[in-house]
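**Q** Sharing a structure with you now.
The values are calculated or read from the model by the stated rules, or taken from the named source; none is laboratory data. Here the structure is a predicted model, which is why all the values come from computation and not from measurement. Here the Cβ positions follow ideal geometry from the backbone for every residue, glycine too, while neighbour counts run over all protein chains shown. All accessible areas refer to the heavy atoms of the entire protein, side chains included, with ligands and DNA or RNA removed. Shrake-Rupley method; radii C 1.70, N 1.55, O 1.52, S 1.80 Å.
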Amino acid sequence: MSVRMVYNVANRALRYDAGQSVVLSRAEEQDVKRECERHLQGRGSRRADRVLHVRLPLRPAMAAMPHWLDAPKSPNVRFKLAEVRLELADQRPAERRMVAAFNNFMRDKVRLEQMDMMRAPTWFAERGHVTPNRIAGGRRRWKDGHHFADALKRRGYVVLGAGYFSTVFKKPGSDRVVKVCHRPDNWLDYVLWATKAGYAGTFAPRIFSYRRYNQGRDGEFYVAVMEELAETVDRLSCRVSDGRAVRAAAHLRSYININHDQDGVAADRLFAGALRFAMEFRIEFRGANFDLHMGNWMVRFDGSLVCTDPVSHGRSTAPARMRTSDLLALQAA
């Protein structure tokens, strides 16, 4: 298996070559970067060979082995080959000018928004009375997210997927799913920002309603009704030979994490508007912990790319509940 990549010597950035559908893990990418730097320091950037071949072991047990050691003389050991082309300078001035102009536009936009926030009045609200475990009429509230998930299973909902802190359910015959997050995070802030910015239904999932339970108490969780998506990108990369969504997700992840302009332009060529989405997302959530692994990128049934849960940790500042009419009004604002 061969993976074609490009290492920019000026920016110290690694990106995938055009047409490449196989994506390496983060640890393997770091190994490739270290090997490129070692090659440049040994021979110099001007005299170095333009193409470098890096062998990466396929076995998990071999991953902990230093890659500069020789492999054991065993016929069963197999390697995946990373073919890296060294790029001494940026050869795309038109793309660089386009990205610089868009960065200036976004910088002015953020400055205007900050000035509007300074002019707006600040309101302070006190925390209301915390409701007891039982509400009027004696109906019992949910103890935690697992209690709510068990109730969905008893009503015929099936599990579509599960992550570290959330589970997605679907009722047979419906085109919507129910996401139950067992530990509160700022995912609601992300989807509300995407709805207001116009990315709901394009690069962000469309939600129809949500509600937070046990707010401010033990067992706090939230439930959201959202559109059904087809599959995650990491599973898609194992079967699809085209790899359009896989390449776009890899480019966007590289652009958001290390601000590599060429990756943003390459993603925008695959999916129009991807560069603007990545720029506005990075400005909105600057300082947050990004969680952009391939499991948090999904595709719809029509093949469009969706960034499902790119931020992690932190408390949400979203309202306790929003219905479909509230979200439509937020989108039209």
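**Q** Among the residues in the range 225-240, are any surrounded by 22 or more Cβ atoms within 10 Å (Cβ to Cβ), modelled with pLDDT of 90 or more, outside any loop (DSSP other than H, G, I, E, B) and out of contact with any Gly (no Cβ under 8 Å at 6 or more places or on another chain)?
**A** Among the residues of the range 225-240, not one is surrounded by 22 or more Cβ atoms within 10 Å (Cβ to Cβ), modelled with pLDDT of 90 or more, outside any loop (DSSP other than H, G, I, E, B) and out of contact with any Gly (no Cβ under 8 Å at 6 or more places or on another chain), which makes the answer no.
**Q** When you look at GLU29, is it modelled with pLDDT of 85 or more, open to solvent by less than 100 Å² (accessible area, probe 1.4 Å) and part of a helix (DSSP H, G or I), yes or no?
**A** yes
**Q** For the range 287-298: of the residues being part of a helix (DSSP H, G or I) and crowded, with 18+ Cβ neighbours inside 10 Å, which is nearest to the chain's Cα centre (by Cα)?
**A** ASN296
**Q** Which pairs do you get when a residue that is of a type in the set (A, V, I, L, M) and at pLDDT 90 or above, found in the range 201-219, comes within reach of a residue that is surrounded by fewer than 19 Cβ atoms within 10 Å (Cβ to Cβ) and in a strand (DSSP E or B), reach meaning Cβ atoms under 9 angstrom, with the pair 6+ apart or on two chains?
**A** Between residues of the range 201-219 that are of a type in the set (A, V, I, L, M) and at pLDDT 90 or above and residues that are surrounded by fewer than 19 Cβ atoms within 10 Å (Cβ to Cβ) and in a strand (DSSP E or B), the close pairs are ILE207/VAL225; ILE207/GLU227.
**Q** Of the conditions (1) touching an Asp or Glu at 6+ places or on another chain (Cβ under 7 Å); (2) within 19 Å of ALA27 (Cβ to Cβ); (3) open to solvent by less than 10 Å² (accessible area, probe 1.4 Å), VAL246 satisfies every one except a single condition; which number is it?
**A** Unmet condition: (1).
**Q** Tally up the residues in the range 163-220 that are of a type in the set (D, E, K, R) and open to solvent by less than 40 Å² (accessible area, probe 1.4 Å), please.
**A** Final tally of qualifying residues: 5.
**Q** What is the one condition in (1) in contact with a strand residue (DSSP E or B) (Cβ under 8 Å, 6 or more places away or on another chain); (2) on the phi > 0 side of the Ramachandran plot that GLY303 does not satisfy?
**A** Looking at each condition in turn, GLY303 falls short on (1).
**Q** All but one of (1) modelled with pLDDT under 75; (2) open to solvent by less than 60 Å² (accessible area, probe 1.4 Å) hold for LEU56; state the number of the condition that does not hold.
**A** With (1) modelled with pLDDT under 75; (2) open to solvent by less than 60 Å² (accessible area, probe 1.4 Å) applied to LEU56, the lone miss is (1).
Listed here are the residues, each with its yes/no results for (1) over 20 Å from ASN103 (Cβ atoms); (2) in contact with a Ser or Thr (Cβ under 6 Å, 6 or more places away or on another chain); (3) outside any helix (DSSP H, G or I).
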residue: ASP263; (1), (2), (3): no, yes, no
residue: ARG269; (1), (2), (3): no, no, no
residue: LEU275; (1), (2), (3): no, no, no
residue: ILE283; (1), (2), (3): no, no, no
residue: GLY303; (1), (2), (3): yes, no, yes
residue: VAL306; (1), (2), (3): yes, no, yes
residue: ASP309; (1), (2), (3): yes, no, yes
residue: PRO319; (1), (2), (3): yes, no, yes
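**Q** Looking at (1) at pLDDT below 85; (2) open to solvent by 20 Å² or more (accessible area, probe 1.4 Å), which is the one condition that is false for GLU284?
**A** (1)
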